[in-house]
1. Sorting Leu151, Leu106 on the 10 Å Cβ count, fewest up front, what's the list?
2. Provide the net charge surrounding Ser221, with neighbours chosen by a C-beta distance below 14 Å and charges set as Lys +1, Arg +1, Asp -1, Glu -1.
3. Just for the chain, what percent of DSSP beta bridges are antiparallel, to the closest 5?
4. Equivalent-ellipsoid semi-axes (√(5λ), Cα gyration tensor) for the stretch 189-282, whole Å, largest first?
5. Specify the inter-centroid distance of the stretch 341-381 and the stretch 382-435, based on alpha-carbon positions, in whole Å.
6. Note down the net charge around Ile344, summing +1 for each Lys or Arg and -1 for each Asp or Glu among other residues with Cβ under 14 Å from its Cβ.
7. Give me the distance in nm between label points sitting 7 Å out from Cα along the Cα-to-Cβ direction at Met435 and Glu314, one decimal.
8. Using 1/(1 + (r/R0)^6) with R0 = 41 angstrom and r between the beta carbons of Met171 and Gln322, what's the FRET efficiency to the nearest 0.05?
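Please treat every number below as a calculation from the coordinates, not as lab data. All of these numbers come straight from a predicted model, not from anything done at the bench. As a convention, Cβ positions derive from the backbone with ideal geometry for all residues, glycine included, and neighbour counts pool all protein chains shown.
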Amino acid sequence: MFRHAPAILFALLLLPVSNALHAQTRELSSSGQLLDGIAAVVNDGVVLKSELQVELQRIVERLEQQGTPVPPMRQLVPQVLERLVVQRIQLQRAQRVGLQVSDETLNVALANVAQRNGVSLGELPNLLASEGIDYSVFREDLRNQITVDQLMQRDVMSRIDASEREINEYMERQQDRQFFDEEFKLSQILIATSPTSTAEEVAAAQTKAGDLLQRARAGESFGELAVAYSDGQKALEGGDLGWRKGNELPTLFAGAVPAMQAGEISDPIRSNSGFHLVRLDERRGAEPIMENQVKARHILITTNEVLDDDAAREKLSEIRRQILNGDDFAAVATAVSEDPTSAIEGGDMGWMNPRSFVPEFAAKCETLPIGELSEPFKTQFGWHIVEVQDRRIKDTTEEVRLQQAAMAIRNSKLGEETELWARRLRDQAFVEYRM
């Protein structure tokens with residue numbers, strides 16, 4: 001069941017190299033001391049040769065499992081080392097700005113990994129061990145990846161805006177596009193340039209992109225070329241960008257991808273990041289979005305220094321008795337509920353997908369009979385009583401399109417902004433290769 005799990009997990013999580021794993025690959029000197037060497041100096045840190053060796057082994061195993069030809073080591077080693085350098089720079093920045101991933105957040109992520117592989121969190125260490133993966137190393141790798149993700153949210157995503165004008169214009173443009181509801185599986189080779197590149201460097205990058213395009217169209221493996229030559233964030237995954245909805249295609253790809261056939265490779269596409277070669281791996285249509293919804297209303301009582309859990313539960317129990325004896329729910333909610341958003345609506349939360357609530361609240365909304373007032377129960381926000389007034393299944397395709405428009409605009413900017421962000425961090429860092 002877990003035979004191919006490492007490839008699945010690393011493709012899913014984009015796990016960076018571990019700081020601890022290198023200890024397993026160091027050679028012993030005649031005196032029994034562990035030996036290692038420095039592959040690169042990165043600001044005030046280093047990338048060790050043993051780390052490079054371990055990451056190389058990971059990449060080779062993953063490429064073999066994916067059926068992607070492994071490039072010659074003279075091409076693969078610089079690619080892998082550069083990725084380790086960039087990852088180290090990003091983690092150093094995260095440390096400088098004070099980003100920390102709590103054990104609780106990490107455990108939730110580990111539980112999700114376990115669930116995706118059909119096991120419990122408690123079974124995950126043994127399952128990883130059966131594939132030769134140390135659990136403590138895997139755990140730290142995942143913490144590093146979450147840290148980098150949070151850093152990207154802080155530095156990149158949080159600064160990408162979608163104005164009302166952009167949303168309106170975007171929706172108008174999409175009205176006549178048949179590919180709006182389609183999905184596209186893409187791969188990319190990026191030959192990077194920077195804002196400081198000279199005209200000669202830009203011309204050289206363009207020539208390199210053209211040469212790679214000719215090689216790919218002549219039959220060479222796109223994935224192998226991406227691993228060997230791409231400067232993109234997904235280079236060592238064979239350039240795989242995954243599935244993108246038509247309305248989430250990066251702006252620079254939207255003009256080319258919808259007209260392409262599966263397996264086709266675009267001409268070089270120029271952007272601020274460099275020259276992109278995009279291959280359309282697959283495309284598929286989208287189904288209508290049908291959503292289970294509940295119409296619910298609730299009353300929230302929060303705890304504090306004066307009102308503990310027992311007192312809050314008892315207070316809600318008395319409120320519940322009053323409502324059952326004839327008091328108007330809406331009037332009571334407006335008077336006593338501590339949820340400021342719903343209280344002004346008499347506790348009414350409107351039509352919602354139960355999965356948008358925290359798990360405890362969602363469970364009540366999914367199981368409570370219509371018209372029945374729940375017993376008091378606790379969530380992270382406090383103590384609640386809830387009444388489900390109705391349920392329905394609704395076609396939310398149009399609503400989701402409107403809701404996703406802003407996100408699509410942000411996502412269309414995200415890829416290029418992320419590449420530029422990563423390139424800026426790299427350009428600002430001190431890096432000295434020792435190989």
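1. Details: Leu151 19, Leu106 16.
Sorted ascending by nearby Cβ count, the order is Leu106, Leu151.
2. Overall, the nearby charge balance is -3.
3. If I count the DSSP bridges inside the chain, around 100 percent turn out antiparallel.
4. On the way: eigenvalues 83, 50, 30 Å².
For the stretch 189-282, the ellipsoid semi-axes come out as 20, 16, 12 Å.
5. The two parts, judged by their Cα centres, are 26 Å apart.
6. Local charge sum for Ile344: -3.
7. Going by the 7 Å Cα→Cβ label model, 6.8 nm.
8. After rounding, the FRET efficiency stands at 0.30.
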